[in-house]
1. Ignoring ligands, DNA and RNA, how do ILE19, ILE51 rank by accessible area with a 1.4 Å probe, largest first?
2. Leaving out ligands, DNA and RNA but keeping every protein chain, what accessible area does ARG92 have, in Å² rounded to the nearest 10, with a 1.4 Å probe?
3. Rolling a 1.4 angstrom probe over the protein heavy atoms, how many square angstrom per residue are accessible across the chain?
4. If you take the charge dipole of the chain about its Cα centre, with +1 on Lys and Arg Cβ and -1 on Asp and Glu Cβ, which of ILE51, VAL11, THR1 is farthest toward its positive end?
5. In whole percent, and with a 1.4 Å probe on the protein chains, what portion of the accessible area of segment 49-138 is carbon and sulfur?
6. What translational diffusion coefficient, in µm²/s and rounded to a whole number, does the Stokes-Einstein relation yield for segment 113-156 at 10 °C and a viscosity of 1.306 mPa s, taking the hydrodynamic radius as the Kirkwood radius over Cα pairs?
7. Could you please put ILE138, ILE100, ILE108 in sequence from largest to smallest accessible area, using a 1.4 Å probe?
8. How high is the FRET efficiency from LEU34 to THR72, r the C-beta distance, R0 25 Å, rounded to 0.05?
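The values are calculated or read from the model by the stated rules, or taken from the named source; none is laboratory data. Just so it is clear, the model here is predicted, and its values are computed rather than measured. We place every Cβ from the backbone using ideal geometry, glycine too, and count neighbours over all the protein chains shown. All accessible areas refer to the heavy atoms of the entire protein, side chains included, with ligands and DNA or RNA removed. Shrake-Rupley method; radii C 1.70, N 1.55, O 1.52, S 1.80 Å.
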Amino acid sequence: TALTFTGLNLVQGTAAKGINFTANTGAAGKTSNLLNWYEEGTFTATLGGFITDPTVAVTTTGYYTRIGRQVTVTLAFNNVSTVGGAGAVLVRGLPFTPAISAIGAINISGFGSAPGVAYVGAGSTTFSIYDAVNNTNISIVAGVGRYLVTTVTYFV
């Protein structure tokens, strides 16, 4: 049998309740069979430096999707000025605080030649950019025409 909704929405009536999949046999180590969160939205991301931020604030609109505990964010700083910035590259303003650390793909231009990854630390709504070869912070390079594009998935 199937339940069909025509012209209606199924509305969650109580927080932390959702679709329960306990009829499925879970893998060893499963922690939940309950899907109780779905959300899409935008957030404001700010590009800065660990020592000083750029003289003029550098912000962009990021996009996120949260399904259960999994959050995926996408953002792009295109052709921005980092004049006045110093120290490790930081991106602030993630929409949810990660429970565990995660690494995401990144495309950068104007921050040196090292291939980078986005590193999201547990408990922080800020992430940094790491040199993927040497596992060190990539520093903000003060100047114009800088690009940073990333998609990061993490868990809350």
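1. Working: ILE19 85, ILE51 125 Å².
In descending accessible area the options line up as ILE51, ILE19.
2. Estimated to the nearest 10 Å², ARG92 gives 70 Å².
3. On the way: 9160 Å² over 156 residues.
Per-residue accessible area for the chain comes out at 59 Å².
4. Farthest towards the positive pole: THR1.
5. Values: 2320 of 4320 Å².
Ligands and nucleic acids excluded, carbon and sulfur reach 54 percent.
6. On the way: Rh = 11.9 Å.
The diffusion coefficient I find is 134 µm²/s.
7. Numbers: ILE138 10, ILE100 90, ILE108 35 Å².
Per-residue accessible area, sorted high to low, gives ILE100, ILE108, ILE138.
8. On the way: r = 20 Å, r/R0 = 0.80.
About 0.80, to the nearest 0.05.
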